[in-house]
Amino acid sequence: MRKTTELAIEEQNKLIYDFYSYFESGYAFEEFLKVYLEKIGLDEVRVTQRSADGGIDLEAIRYGVGGLEGADSVEYFVQAKRNKPGTTIPIEKVRALRGVMKSGSKGLFITTASYSTKTKEFVMDDLSRPIILIDGKSLVESCIDNEIGFVYKPVFSREIMDELKNPNDDLPITGGLHNDDSSPITIVDKQITANDIRARIIRMPKALIDILEPNQKTVSVSINGSELKKLKIDKTNCFLSSVTELYRNLGLIRQDGSYVPKKSIWKIYTDKVEITLKENE
């Protein structure tokens, strides 16, 4: 999901009003919500009959475990109101929706307007028939996040750039290759993926492969400050093999057999490699 920027109140209000004004009628709003609900993960979404719908404008299903019909599935009954932004939905309208909901179902009341505090308190009264209230602000924010009907405007953010920097990470050494044996030739960040762990290999970075001696069979490796250990190079000269016990000791293979991918920082020297493992953020 795309990270959206904070909008000023005036910008929010204009977006909500433009969104509301786009729909020429309540029926057009309902047709849009059919597409919207499908895009956010509901299934079998349908618009009900235009007349005498008893407070229900759309119906939908969210399948549960494994997407299997009947396996923890939930029915959704949806009421849609294209009301002017700045106005509030009368509590009677929300009460009418609950009145036609089945026990165990969920309600969605979606509007371009707002709700009163009293209405928000009302929907919490009967947890056997919960109703989710989506007002104009929440609906527009959801559409922006899911890229439904809104064009994304990129904004440069120093704060987000700063978040990318990890002060605990080792930084690559500047100035190219080093001949001093006490300094790494280079430093490479690399992911140890679930596929690597499943295959019981450590995929070597290209920077290490490029400096291997012809017919070199092993690499001296220290992981998280451990003693140097010679790890075998596979026949393709791409992987370090025979690392199952190593993965278990380092917690990349749990006792239940599940895998824990991690970020690895490789300090590559002329005669050894030091790897530091870090949790993925």
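Since every read-out is calculated from the coordinates, none of them should be taken as a lab result. Quick caveat: nothing in here was measured; it's all calculated off a predicted structure. Cβ placement follows ideal geometry from the backbone for every residue including glycine, while neighbour counts extend to all protein chains displayed.
Taking the dipole about the Cα centre of the chain, with the C-beta of Lys and Arg at +1 and of Asp and Glu at -1, give me whichever of 208, 131, 119 is farthest to the positive side.
Projecting each Cα onto the dipole axis, the largest value belongs to 208.
Between residue 206 and residue 128, with labels modelled 7 Å along Cα→Cβ, what's the label distance in nm to one decimal, could you check?
6.4
Describe numerically, in nm with one decimal, the distance between label points set 7 Å from Cα along Cα→Cβ at residue 44 and at residue 24.
Taking the two extended label points, one gets 3.3 nm.
Test of understanding: ordering 112, 117 by Cβ neighbours within 10 Å, fewest first, what list do you get?
Working: 112 26, 117 8.
Placing the least packed residue first, the sequence is 117, 112.
Which of 256, 162, 125 comes first, and how do the rest follow, when ranked by fewest Cβ neighbours within 10 Å? Mind dumping the intermediate values first?
Details: 256 5, 162 8, 125 11.
Lowest count first: 256, 162, 125.
Distances over 17 Å make up what percent of all Cα-Cα pairs in the stretch 204-244?
Values: 219 of 820 pairs.
Of the Cα pairs, 27 percent sit more than 17 Å apart.
Could you give the angle, 0 to 90 degrees to the nearest 10, between helix 26-39's Cα long axis and the longest principal axis of the Cα atoms of the chain?
20
Tell me the angle of helix 9-22 to the major Cα principal axis of the chain, expressed in degrees between 0 and 90 and rounded to the nearest ten.
So the inclination is approximately 60 degrees.
Calculate, in whole percent, how much of the Cα-Cα pair population of the stretch 166-279 lies beyond 25 Å. Could the numbers behind the result be given before it?
Values: 1261 of 6441 pairs.
Tail of the P(r) past 25 Å holds 20 percent of the pairs.
Tell me, what ³J(HN,Hα) does each residue in the stretch 106-121 have, in order and in whole Hz, if you take phi through Karplus 6.51 cos²θ - 1.76 cosθ + 1.60 with θ = phi - 60° and put x for Gly and Pro?
Here the 3J(HN,Hα) series is 10, x, 10, 10, 10, 9, 8, 9, 9, 10, 7, 4, 4, 5, 4, 6 Hz.
Suppose R0 equals 30 Å; then what is the FRET efficiency for residue 91 and residue 9 from their Cβ-Cβ distance, rounded to the nearest 0.05?
Numbers: r = 26 Å, r/R0 = 0.86.
E between residue 91 and residue 9, to the nearest 0.05, is 0.70.
Once R0 is set to 51 Å, what does the formula 1/(1 + (r/R0)^6) return for the Cβ-Cβ distance between residue 228 and residue 153, expressed as a FRET efficiency to the nearest 0.05? Write down the numbers at each step before the final one.
On the way: r = 52 Å, r/R0 = 1.02.
Efficiency computed from Cβ-Cβ geometry: 0.45.
If the stretch 9-145 were replaced by its equivalent ellipsoid, with semi-axes equal to the square roots of 5 times the Cα gyration tensor eigenvalues, what would those be, largest first, whole Å? Provide the component values of the computation, followed by the final result.
Numbers: eigenvalues 114, 62, 43 Å².
Whole-Å semi-axes of the equivalent ellipsoid: 24, 18, 15.
What dipole magnitude, in Debye to the nearest 20, does the chain give about its Cα centre under +1 on Lys/Arg Cβ and -1 on Asp/Glu Cβ? Numbers along the way, then the final one.
Details: 40 positive and 43 negative charges, 96 e Å.
In total the dipole reaches around 460 debye.
Here are several values of percent of Cα pairs over 31 Å apart: [x] 21; [y] 54; [z] 32. Which one was derived from the coordinates shown?
Given [x] 21; [y] 54; [z] 32, the structure-derived one carries the label [y].
Run the numbers for residue 183 and residue 260: contour at 0.36 nm per residue of separation, minus the present Cα-Cα distance, in nm.
Values: separation 77, 0.36 × 77 = 27.72 nm, distance 3.03 nm.
This chain segment gains 24.7 nm when fully extended.
Calculated FRET efficiency, residue 217 and residue 74, Cβ-Cβ r, R0 51 Å, to nearest 0.05? Show your work: numbers first, answer last.
Details: r = 58 Å, r/R0 = 1.14.
So the FRET efficiency works out to roughly 0.30.
Order these by the 10 Å Cβ neighbour count, fewest first: 192, 202, 134. Numbers along the way, then the final one.
Values: 192 23, 202 26, 134 19.
Starting with the residue having the fewest Cβ neighbours, the order is 134, 192, 202.
Hey, what number do you get for the chain at 222 nm if only DSSP H runs of n ≥ 4 count, each worth -39500 (n - 2.57), divided across all residues, to the nearest 500?
Values: 9 runs with 76 residues, N = 281.
One gets -7500 deg cm²/dmol as the mean residue ellipticity at 222 nm.
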